[in-house]
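K.L.:
Below is one structure. I have some questions about it.
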Amino acid sequence: MPALLEIRGLSAGLQGRRSVTQVVSNVDLDVHAGEILGIVGESGCGKSTLATAIMRLLVPPQVLQSGSMTLRPGDGKAYDLLDLPENELRQLRWRHLSYIPQGSMNSLNPVLRVGRQMTDTLIQHGLSQDEAQERSIAALELVNLEPRLTDSYPHELSGGMRQRVIIASAVSMRPALIVADELTTALDVVTQRQILQELAGIRDELGATILIITHDMGVVAQIADRVAVMYAGKIAELGRVNGLFEAPLHPYSQGLIGSIPRGGGQRVQGLPGEAPSPWNYPNGCRFHPRCPHVFAPCSEQAPALLSPGNGRWTACHLYDPEVASNE
Amino acid sequence: MNDLLVVEGLQQIFGGRDRTHAVDGVSFRIPAEPTIISLVGESGSGKSTIARIILGLLHPTAGRVLYEGTDIFTRDRKWNRKFRGEVQAVFQDPYSVYNPVYKADRVLKLVIRKFGLAKTKAEAEMLMDEALRAVDLRPEEVLGRHPHQLSGGQRQRLMLARVYLMRPRLIIADEPVSMIDAGMRASFLNILLDFRETHGISTLFITHDLSTAMYLGGEIIVLYQGRIMERGQTRGVMDDPQHPYAQLLISSIPTPDPRRRWEEDLSAGPLAEAGAGISSGRDRCLFAERCPAVMEKCWGARPHLQAVDVDDAAETSRHVACYLYS
């Protein structure tokens, strides 16, 4: 079965006066129908740029450089996201593809009642007032909010409730794909747990596919089926959560998972060095200056994302039989 | 041995008409021997307010803070200077503490000058070198650079280098790692552990992130809406929390291990959010409306912290404010 979202060779960057600084480089990724896929990485790794590019919401100086993205939302059609004109894209967004940007719980209009803000979106997509009302209430129930909340103003709600309103709004058209960027970052742990569990419930109930962008390995471990680890604009490793957390392949994923503080009095070491910014991505493998296993080809040749089997993918010369045999 | 710091019946009420009890009768002590104590709670639990009061930045409505037996708000100039040197703060935002027009290492130079730590320029440079190495920074990485040229992790460690120069007895660290990257967090926490072990510096570590508190070990104080719900040794509380709130909080940590996922689905439960029903006064258990084990009594009067025996006999310091244990 073809993937719900197929990303190939996607590159995006920042337009400077003379040249484009690449932020996301040559990303290949398949998002399968019904899965929760986590994209993790430290700040500046390009994960949010990738999410924005998927939504085609990059704004100057951000530019899309190359690649293709095909969405098959299950209506029998395949949409080439990079080729769609803006008006068709607008209809596609929310209906098939919705987006919960970072910090969006603070994006509700303070002078409009919550219900009105939800129905406005739906009416834009051709629903009648009554249908829009019905859909909004149904969506609020999905996130365990009472229908009477539609009469509230955003300031009357707690942060967790506002985030739930945003989620309800994003799922009210029953989209095939939901892209959520740092959904629970500003919330308390108990609220975070509830919202993530609600999100998993929405996946089960609506059969939606969810792409979660986060810096928090814990969030990914708790609710994702698969995880893509990003480093310096590229996917370093991709695989099912259990396998990846248990035995990470890429030295960066190893460092990232190894540096998680745990209890029991055992000390862990942080990752030495700093992640590079897009203005000074190193040549070859972008992780090589920090890598404990660095060898000759790493500084010259960028490793390709290859699969050593088991649905695992990693971009590291250590796992490339051709490079290894040349050594 | 006398305690280093004693917090007694601290209360902080903000605002006029809708009075907010940010801190409501909090007492604890930091012993003289080097320790790390974590103050954990969700937003609105009062943890940062407590930090601000201890630092002398805020006058409490009631209660007092004693440093080596002296009330920090009734002090003379000389004592004040000593206190400022011995109790150092590290704040959450590693961006806003620096003046962007000066070079970042000015925070070190100022301390050396103001507190007369070095007699000559060469001595000052040696001191700076040593301080930077103590926090895993290479001097060439940071010296002569402006704050925007450093990463969040570097800036936060530079603040620790400043603290190191002062050789304080106590660090008040308010969410120091919440804005730095995962890979860097462990190194920052390791420095605090080193400070305690090698230099005898204690830390009051304020956080909403229980996994960092767990890593640091020591003791833990769990706050909820301005009150202490439970306190004890960190490992004991994490493994076997007694207060229903501590149980809820600790079970909600997103453990970075896919084989240990959350068991119970909380999403359909009663709307369990702090402040959901602040109405029925404060002379009661503030967790009552969210508590799965709530009893008649919980609504009647405030439960006070009292010592509770736990399974682990080695742990003698556990205190819980809950009627289940009285």
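The values are calculated or read from the model by the stated rules, or taken from the named source; none is laboratory data. Only a predicted model underlies this, so the values are computations on that prediction, with no experimental measurement involved. Here the Cβ is made from the backbone with ideal geometry for all residues, glycine too, and neighbour counts use every protein chain on show.
K.L.:
Looking only at the range A:3-27, filter to residues that are polar (S, T, N, Q) and exposed (fewer than 15 other Cβ atoms within 10 Å of the Cβ); which one of those is farthest from the chain's Cα centre (by Cα)? Give the derivation first.
P.N.:
Here is the first cut: in the range A:3-27, the ones polar (S, T, N, Q) are A:11, A:15, A:19, A:21-22, A:25-26.
Add one more test, that the residue is exposed (fewer than 15 other Cβ atoms within 10 Å of the Cβ), and what stays is A:15, A:19.
Numbers: A:GLN15: 23, A:SER19: 27 Å.
The selected residue is A:SER19.
K.L.:
How many residues, within the range B:195-213, are β-branched (Val, Ile, Thr) and at the interface with chain A (Cβ under 8 Å from one of its Cβ atoms)? Steps first, answer last, please.
P.N.:
Initial filter on the range B:195-213 (β-branched (Val, Ile, Thr)): B:198, B:201, B:203, B:206-207, B:212.
Among the residues that remain, those that are also at the interface with chain A (Cβ under 8 Å from one of its Cβ atoms) are: B:212.
Here the count works out to 1.
K.L.:
Those residues that are part of a loop (DSSP other than H, G, I, E, B), out of contact with any strand residue (DSSP E or B) (no Cβ under 6 Å at 6 or more places or on another chain) and crowded, with 18+ Cβ neighbours inside 10 Å, I need them from the range A:100-122; list them, please. Write out each step before concluding.
P.N.:
Let us first name the residues in the range A:100-122 that are part of a loop (DSSP other than H, G, I, E, B), namely A:101-103, A:107-113.
If we keep only those that are out of contact with any strand residue (DSSP E or B) (no Cβ under 6 Å at 6 or more places or on another chain) too, we end up with A:103, A:107-113.
Scanning the range A:100-122 gives a single hit, A:LEU108.
K.L.:
Shifting gears a bit: Is there a residue being surrounded by 15 or more Cβ atoms within 10 Å (Cβ to Cβ), part of a strand (DSSP E or B), at pLDDT 90 or above and at negative phi anywhere in the range B:12-19? Outline the logic, then answer.
P.N.:
Taking the range B:12-19 and keeping what is surrounded by 15 or more Cβ atoms within 10 Å (Cβ to Cβ), we get B:12.
Remaining after also requiring part of a strand (DSSP E or B): B:12.
Within this subset, residues satisfying the condition of being at pLDDT 90 or above are B:12.
From what's left, at negative phi: B:12.
Yes.
K.L.:
Shifting gears a bit: For residues in the range A:123-161 being part of a helix (DSSP H, G or I) and of a type in the set (Val, Ile, Thr), which is farthest from the other protein chains (Cβ to nearest Cβ)?
P.N.:
Pass one, the range A:123-161, residues part of a helix (DSSP H, G or I): A:123-124, A:129-142, A:147-151, A:154-156, A:159-161.
From the residues that got through so far, the ones that are of a type in the set (Val, Ile, Thr) too are A:123, A:137, A:150.
Working: A:ILE123: 29, A:ILE137: 17, A:THR150: 16 Å.
Across the range A:123-161, the extreme among qualifying residues is A:ILE123.
This table checks each residue for (1) over 26 Å from B:LEU150 (Cβ atoms); (2) within 14 Å of chain B (Cβ to nearest Cβ); (3) out of contact with any Ser or Thr (no Cβ under 8 Å at 6 or more places or on another chain); (4) not hydrophobic (A, V, I, L, M, F, W, C).
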{"position": "A:THR21", "(1), (2), (3), (4)": "no, no, yes, yes"}
{"position": "A:GLY44", "(1), (2), (3), (4)": "no, yes, no, yes"}
{"position": "A:GLN65", "(1), (2), (3), (4)": "yes, no, no, yes"}
{"position": "A:GLY74", "(1), (2), (3), (4)": "yes, no, yes, yes"}
{"position": "A:TYR79", "(1), (2), (3), (4)": "yes, no, no, yes"}
{"position": "A:ASP83", "(1), (2), (3), (4)": "yes, no, yes, yes"}
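K.L.:
Turning to a different aspect of this structure: For the range B:20-31, how many residues are more than 17 Å from the chain's Cα centre (by Cα) and in a loop (DSSP other than H, G, I, E, B)?
P.N.:
0
K.L.:
Quick one: which of A:GLU182, A:GLU156 is at pLDDT below 95, of a type outside the set (Gly, Ala, Ser) and closer than 26 Å to A:ILE212 by Cβ?
P.N.:
Details: A:GLU156 fails: closer than 26 Å to A:ILE212 by Cβ.
From the options A:GLU182, A:GLU156, the qualifying one is A:GLU182.
K.L.:
Check B:LEU192, B:LEU150, B:LEU170, B:LEU216 and return the single one that is under 18 Å from the mean Cα position of the chain (by Cα), within 13 Å of another protein chain (Cβ to nearest Cβ) and within 25 Å of B:ARG113 (Cα to Cα). Break it down stepwise before answering.
P.N.:
Details: B:LEU150 fails: under 18 Å from the mean Cα position of the chain (by Cα); B:LEU170 fails: within 13 Å of another protein chain (Cβ to nearest Cβ); B:LEU216 fails: within 25 Å of B:ARG113 (Cα to Cα).
None of the other options fit; the residue is B:LEU192.
K.L.:
Going through the range A:92-111 one residue at a time, which ones are touching a His at 6+ places or on another chain (Cβ under 7 Å) and not charged (D, E, K, R)? Give the steps one after another, and end with the answer.
P.N.:
Start the filter on the range A:92-111 by keeping residues that are touching a His at 6+ places or on another chain (Cβ under 7 Å), which leaves A:94-95, A:110.
Selection gives A:TRP94, A:PRO110.
K.L.:
Continuing with the same structure: Being in a helix (DSSP H, G or I), more than 23 Å from A:GLY284 (Cα to Cα) and in contact (Cβ under 8 Å) with a residue 60 or more places away in the chain is the filter here; which residues of the range A:220-254 pass it? Steps first, answer last, please.
P.N.:
Here is the first cut: in the range A:220-254, the ones in a helix (DSSP H, G or I) are A:220-223, A:241-246, A:251-254.
Adding the requirement that they be more than 23 Å from A:GLY284 (Cα to Cα) leaves A:220-223, A:241-246.
Residues satisfying the conditions are A:VAL220, A:ILE223, A:VAL241, A:GLY243, A:LEU244.
K.L.:
Now for a different question. Any idea which of B:GLN242, B:GLN225, B:GLN233 is more than 23 Å from B:ASP311 (Cα to Cα) and more than 11 Å from chain A (Cβ to nearest Cβ)?
P.N.:
Going through B:GLN242, B:GLN225, B:GLN233 in turn, just one is more than 23 Å from B:ASP311 (Cα to Cα) and more than 11 Å from chain A (Cβ to nearest Cβ): B:GLN225.
K.L.:
Among the residues of the range A:283-307, write down those that are crowded, with 17+ Cβ neighbours inside 10 Å and closer than 13 Å to A:TYR252 by Cα.
P.N.:
A:CYS285, A:ARG286, A:PHE287, A:HIS288, A:ARG290, A:CYS291, A:VAL294
K.L.:
Please verify whether A:ASP216 is within 8 Å of chain B (Cβ to nearest Cβ), of a type in the set (D, E, K, R) and surrounded by fewer than 24 Cβ atoms within 10 Å (Cβ to Cβ), treating the condition exactly as stated. Spell out how you get there, then give the answer.
P.N.:
Values: within 8 Å of chain B (Cβ to nearest Cβ): yes; of a type in the set (D, E, K, R): yes; surrounded by fewer than 24 Cβ atoms within 10 Å (Cβ to Cβ): yes.
Yes.
K.L.:
Now, a different point. Scan the range B:245-263 residue by residue and report those that are over 27 Å from the mean Cα position of the chain (by Cα) and more than 9 Å from chain A (Cβ to nearest Cβ).
P.N.:
The one that is over 27 Å from the mean Cα position of the chain (by Cα) and more than 9 Å from chain A (Cβ to nearest Cβ): B:GLU263.
K.L.:
Looking only at residues in the range B:37-51 that are assigned to a helix (DSSP H, G or I) and within 25 Å of B:GLY200 (Cβ to Cβ), which one is nearest to the other protein chains (Cβ to nearest Cβ)?
P.N.:
Residues of the range B:37-51 assigned to a helix (DSSP H, G or I): B:47-51.
Remaining after also requiring within 25 Å of B:GLY200 (Cβ to Cβ): B:47, B:50-51.
On the way: B:LYS47: 12, B:ILE50: 18, B:ALA51: 18 Å.
The selected residue is B:LYS47.
K.L.:
In addition: State which residue is farthest from the other protein chains (Cβ to nearest Cβ) when the search covers only the range A:242-267 and only residues that are among the aliphatic types (A, V, I, L, M) and buried (at least 23 other Cβ atoms within 10 Å of the Cβ). Walk me through it before giving the result.
P.N.:
Here is the first cut: in the range A:242-267, the residues among the aliphatic types (A, V, I, L, M) are A:244, A:247, A:249, A:256-257, A:260.
Still in the running and buried (at least 23 other Cβ atoms within 10 Å of the Cβ): A:244, A:256.
Numbers: A:LEU244: 8, A:LEU256: 6 Å.
Per the stated criteria, the residue is A:LEU244.
K.L.:
For B:TYR164, state whether it is within 30 Å of B:ARG318 (Cβ to Cβ), out of contact with any strand residue (DSSP E or B) (no Cβ under 9 Å at 6 or more places or on another chain) and either more than 13 Å from every other protein chain (Cβ to nearest Cβ) or modelled with pLDDT of 90 or more (or both).
P.N.:
Numbers: within 30 Å of B:ARG318 (Cβ to Cβ): no; out of contact with any strand residue (DSSP E or B) (no Cβ under 9 Å at 6 or more places or on another chain): yes; either more than 13 Å from every other protein chain (Cβ to nearest Cβ) or modelled with pLDDT of 90 or more (or both): yes.
Considered against the rule, which asks whether it is within 30 Å of B:ARG318 (Cβ to Cβ), out of contact with any strand residue (DSSP E or B) (no Cβ under 9 Å at 6 or more places or on another chain) and either more than 13 Å from every other protein chain (Cβ to nearest Cβ) or modelled with pLDDT of 90 or more (or both), B:TYR164 comes out as no.
K.L.:
Which one of these is free of Cβ contacts under 8 Å to residues at least 12 places away in the same chain, more than 17 Å from the chain's Cα centre (by Cα) and either on the phi > 0 side of the Ramachandran plot or surrounded by fewer than 18 Cβ atoms within 10 Å (Cβ to Cβ) (or both): A:ASN310, A:ASN280, A:ASN326? I'd like the intermediate steps shown before the answer.
P.N.:
Details: A:ASN310 fails: free of Cβ contacts under 8 Å to residues at least 12 places away in the same chain; A:ASN326 fails: free of Cβ contacts under 8 Å to residues at least 12 places away in the same chain.
Exactly one of A:ASN310, A:ASN280, A:ASN326 is free of Cβ contacts under 8 Å to residues at least 12 places away in the same chain, more than 17 Å from the chain's Cα centre (by Cα) and either on the phi > 0 side of the Ramachandran plot or surrounded by fewer than 18 Cβ atoms within 10 Å (Cβ to Cβ) (or both), namely A:ASN280.
K.L.:
Follow-up. Inside the range A:137-165, can you point out the residues that are farther than 18 Å from A:LEU122 by Cβ, crowded, with 20+ Cβ neighbours inside 10 Å and of a type in the set (A, V, I, L, M, F, W, C)?
P.N.:
If the condition is that a residue be farther than 18 Å from A:LEU122 by Cβ, crowded, with 20+ Cβ neighbours inside 10 Å and of a type in the set (A, V, I, L, M, F, W, C), then A:MET161 is the only one that fits.
K.L.:
Here's something else I'd like to know. If we scan the range A:166-188, do we find a residue that is assigned to a helix (DSSP H, G or I), of a type in the set (A, V, I, L, M) and at the interface with chain B (Cβ under 8 Å from one of its Cβ atoms)?
P.N.:
Quick first cut of the range A:166-188, residues assigned to a helix (DSSP H, G or I) only: A:166-171.
Now restrict to residues that are of a type in the set (A, V, I, L, M): A:166-168, A:170-171.
From what's left, at the interface with chain B (Cβ under 8 Å from one of its Cβ atoms): none.
No, every residue in the range A:166-188 fails to be assigned to a helix (DSSP H, G or I), of a type in the set (A, V, I, L, M) and at the interface with chain B (Cβ under 8 Å from one of its Cβ atoms).
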